[in-house]
Amino acid sequence: MVRLMTTTYSPSPENLDNGSAEPEQRESPQTSTGKAWVIVAAVISQTTILVALLYRVGWIRANATAEYFGLDITLVGLAPSDYLLRSLNSIIRPLLVFSLCTVAFFAITGRLTRFLSSVPRARRRQLTDRILRTARPVGGTLLLIGIAGILTNSLPHWPAAILLPLAVFAGAAILGYSAHLSRQSMNQKSVHHLHTLTVIILCCMGLMLAVEKYAEHVGRNIAVDDARALLQRPEIRLHSKNDIDIVGTGVSLSHNPSPEQKFHYRYDGLRLLLQGNNHLFLVSKHWERGKSKVFIVKNDDTVRIDPTASSSGN
């Protein structure tokens, strides 16, 4: 009788597979802290860019108002918060229009994608080629026209001025979608990051330039309204210790050299345009754009202003 001997293999504890899942790797505190700092840095950088863009829009809007009256915006002495507040009424409508156009664009492209996916493969390729043969020249032409027009400032006045930035935005968007459609038709999963980044930058530039043109339009309209409102403002009588050489249509000067008089010069027929940066910005009651000037007077103890009782319409 042969006795069979069996050998039993007993795996080592580290090779033992008891069916349990591998232990999860825990993130070290240093890794979690590093990710948190990356998120914080991204939020701060995006917020900084947004604030800078809002500041620029507010500056363009305020500068357009000042230029209408022949003023340098730096003389007004507005604070950064003033520019940020002035940017709000210049971005709401463009962003609303942009949002609606974006929704419409994605709705159209989504419907086109579903249509192409529902047709046979050979037919889909033919339709895609036709779309690309039309979209690429149209997008490129719009992009070139927009860039060339902006560089040459061929359409400086509203509302035609906004057409060039919109052409840049539309041309870049069409070219970007054409590239996406071309990759889909050839089943390419790779993405050309440089091409995508260029399209995004061109779209953002077009949108930003359109917002700036609208901000300039808003600032000019506010200036026109302020000029009309000048007739409704009360006249200002300016008393001064010194002759400050204010001359204009409707402005009269009275001089009293008496030693008992604190203010020896009196100017009538003025209206207060605005007050800021420790200065008074005055215009004559018959102010006309391009013909009259704005008088800038330092607001200190050498001058005093009083409203007069004369009719505002005179």
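The values are calculated or read from the model by the stated rules, or taken from the named source; none is laboratory data. The model shown is predicted, which means the values in this text are computed figures rather than measured ones. Reconstructed Cβ throughout: ideal geometry from the backbone, glycine too, with neighbour counts over all protein chains shown. Surface areas here come from the heavy atoms of the whole protein model, side chains and all, with no ligands, DNA or RNA. Shrake-Rupley method; radii C 1.70, N 1.55, O 1.52, S 1.80 Å.
Quick notes on this structure:
- Stretching Leu253 away from Ile201 to a fully extended chain increases their span by 12.9 nm, per 0.36 nm per residue minus the current alpha-carbon distance.
- In region 214-314, chymotrypsin sites (Phe, Trp or Tyr not before Pro) in a DSSP loop with at most 15 other beta-carbon atoms within 10 Å: Phe263
- Scanning residues 5 or more positions from Trp287 or on other chains, none has an amide H under 5 Å from its amide H, with H placed 1.01 Å from N in the peptide plane.
- Spin-label pair Ala104/Asp226, simplified geometry with 7 Å Cα→Cβ offset, distance in nm: 3.5
- Accessible area (Å², per residue) of region 201-266, counting only protein heavy atoms and a probe of 1.4 Å: 57
- Region 239-302: C-alpha gyration tensor shape, a/c 1.5 cut-off, then a/b vs b/c: oblate
- In the context of the full protein assembly, Leu95 retains an accessible surface of approximately 80 Å², using a probe radius of 1.4 Å and ignoring ligands and nucleic acids.
- The label point for Arg124 and the one for Lys293, both projected 7 Å from the Cα toward the Cβ, are 7.3 nm apart.
- The Rg/Rh ratio for region 58-189 is 1.16, where Rg is the radius of gyration of the alpha carbons and Rh is the Kirkwood radius.
- Extension gain from Gln46 to Thr141, taking 0.36 nm per residue of separation minus the Cα-Cα distance: 31.0 nm
- Whole-percent carbon and sulfur share, accessible surface of region 139-275, 1.4 Å: 63
- Annotation: for a label point projected 7 angstrom from Cα along Cα→Cβ of Thr308, residues of region 240-266 with backbone N closer than 17 Å are 240, 244-256, 264-266.
- Cα centroids of region 263-304 and region 81-103: 34 Å apart.
- What the Cα convex hull of region 103-257 gives, in volume per residue, is 180 Å³.
- Under a 5 Å amide H cut-off, with hydrogens placed 1.01 Å from N, Leu280 pairs with Val297, Lys298, Asn299 among residues at least 5 apart or on other chains.
- If R0 equals 25 Å, the separation of the Cβ atoms of Ser117 and Leu194 corresponds to a calculated FRET efficiency of about 0.35.
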